[in-house]
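K.L.:
Starting off with a structure, shown below.
Values in this text are rule-based calculations from the coordinates and carry no lab data. Owing to the predicted nature of the structure, the values given are computational and were not obtained by experimental measurement.
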């Protein structure tokens, strides 16, 4: 949508709003990569909120709006719309479309009802603003059974500084973590450095509950983060899905990780037959 002319965007928005305005009561609304300008994006979502207030269960607007390059959007109307949804159980949203007030309001509106939350970050900087820990704690307390996924897909500046700060702020029971970090932002290459700091922080911050970890990065091979990666996999007791695309310092690292995960996936041996005890 970012390369689409303004005239075309307005026509698309007009057609979609007309369609959704005709007694359309949705259960699912997914536009994860629409990249709408704020004005047109609001017009369309307003119709969804109005018409599907009592039916919408799944909402995916992870990259619904045009990225502001790591800056937080002030979308006061979004809080009113989200909290008006009486059936919402699954939400995927960009962290830069969230505010402390919105997170707290969501906790109050969907108490014990929000079952799945996917938080996306597509442009992470060391100076990026963060949601306060108390706001996340309020949501986690209100929805104790909520499954949480964190996706970092896009550009990350100074990962060893910006990502730990992001992880530190998000005090939620993250079970899935996915990092696909762009290799370059044209025209400047930006190989990642000191990824062991990031991996150690993930292990310490999300280790007990982490079940799935996926990472695709362009790192410097001479910087050895293999030990930190192995330690992350070994020390996260529930981690059974691991996929990493990176430059390893040792070819044995992949084998070691596969061995740990394979053994963890195997069910524990049980002995129901009393006669087996004598074998």
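K.L.:
Pull up the DSSP beta bridges for the chain and report the antiparallel fraction as a percent, rounded to 5.
P.N.:
Details: 2 of 41 bridges.
Beta bridges within the chain, antiparallel portion: roughly 5 percent.
K.L.:
Same structure, new question: Rounded to the nearest 500 deg cm²/dmol, what is the calculated helix-only ellipticity per residue at 222 nm for the chain, with -39500 (n - 2.57) per DSSP H run of length n ≥ 4?
P.N.:
Numbers: 9 runs with 104 residues, N = 279.
About -11500 deg cm²/dmol.
K.L.:
Please find, in a Gaussian network model of the chain (springs between Cα atoms separated by less than 10 Å), the residue of 12, 146, 215 whose mean-square fluctuation is greatest.
P.N.:
Between 12, 146, 215, it is 12 that shows the largest mean-square fluctuation.
K.L.:
Test of understanding: in a Gaussian network model of the chain with alpha carbons linked when under 10 Å, which of 251, 143, 13 would top the mean-square fluctuation ranking?
P.N.:
Highest fluctuation among the options: 251.
K.L.:
Along each principal axis of its Cα atoms, how long is the chain end to end? Whole angstroms, biggest number first, please.
P.N.:
That gives 71, 58, 32 Å along the principal axes, largest extent first.
K.L.:
Do you know the relative contact order of the stretch 6-172, to the nearest whole percent, from alpha carbon pairs under 8 angstrom that are 6+ apart? Write out the running numbers ahead of the final one.
P.N.:
Values: 292 pairs, mean separation 31.1, N = 167.
Once normalised by length, the contact order is 19 percent.
K.L.:
Here's a follow-up. Using the Cα atoms of the stretch 6-172, I'd like the radius of gyration and the largest Cα-Cα distance, Dmax, both in angstrom.
P.N.:
In Å, with Rg to one decimal and Dmax whole: 15.8, 49.
K.L.:
Taking only C-alpha pairs under 8 Å that are 6+ residues apart, what is the relative contact order of the chain in percent? The partial results should precede the final answer.
P.N.:
Details: 504 pairs, mean separation 30.2, N = 279.
Normalised by residue count, the contact order of the chain is 11 percent.
K.L.:
Let me check against my output: what whole-number percent is the relative contact order of the stretch 48-130, with C-alpha pairs under 8 Å and at least 6 apart? Working shown, then result.
P.N.:
Numbers: 110 pairs, mean separation 31.6, N = 83.
Reported as a whole number, the value is 38 percent.
K.L.:
Which of 27, 259, 137 moves most in a GNM of the chain, Cα contacts under 10 Å?
P.N.:
Maximum among the listed residues: 259.
K.L.:
Using only Cα atoms, find the angle between the long axis of helix 252-265 and the longest principal axis of the chain, and express it within 0 to 90 degrees, rounded to the nearest 10.
P.N.:
Between helix and principal axis, roughly 80 degrees.
K.L.:
Note the angle between two axes, namely the Cα long axis of helix 195-206 and the longest principal axis of the Cα atoms of the chain, as a number of degrees from 0 to 90, rounded to the nearest 10.
P.N.:
Between helix and principal axis, roughly 80 degrees.
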